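Comments concern the structure below.
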Amino acid sequence: MSTKTTECWSSDSQADGLRIELSSEHCLLLPFNQFLLAELKIENKEHHLRLVFVMHEVLISGKNLKRLQIAMQKKELAFIAKVSTNYQLSPADGTPLIQNIIVTEVKPAKKSEQSD
């Protein structure tokens, strides 16, 4: 079990988008100009943050995710990644802890053909 500080997120006031590290082989960059909304739900001390972009939906689960939502509001959330499965300690100081990230590509709705 690791006790080192988690580095699962960072903010940067100069960032133009959010970099999501899904694995060491898969990284995604979503530009802030495509950001639509952020929704935070807290259930049994588990935080669920939903970030919606024009073509992607990002679901983040973990602890103390309100700081991430505020960073998105300011368009300063620069990086997120889930912590190692070896990391078991819950941050006592309110530091965000990302336990899972799911990114779904949103398919545009097909326009139905209109007949005259």
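Read-outs throughout are calculated quantities, based only on the coordinates presented, and are distinct from any laboratory measurement. In this text the structure is predicted, and so the values were computed from the model without any measurement. Glycine gets a Cβ as well: all are built from the backbone with ideal geometry, and neighbour counts include every protein chain shown.
Mean sequence separation of contacting Cα pairs (under 8 Å, at least six apart), scaled by the length of the stretch 14-74, corresponds to a relative contact order of 23 percent. Over the stretch 9-105, the pair-distance histogram of Cα-Cα distances with 10 Å bins from zero comes to 16, 54, 28, 3 percent, rounded to whole numbers.
A simple count of charges around Arg50, restricted to other residues whose Cβ falls under 12 Å of its Cβ and scoring Lys, Arg +1 and Asp, Glu -1, yields -1. In this structure, the residue pairs whose Cα-Cα separation is over 22 Å, taken from Lys41/Lys63; Lys74/Lys110; Lys45/Lys107; Lys45/Lys66; Lys45/Lys82; Lys41/Lys82, are Lys74/Lys110; Lys45/Lys107.
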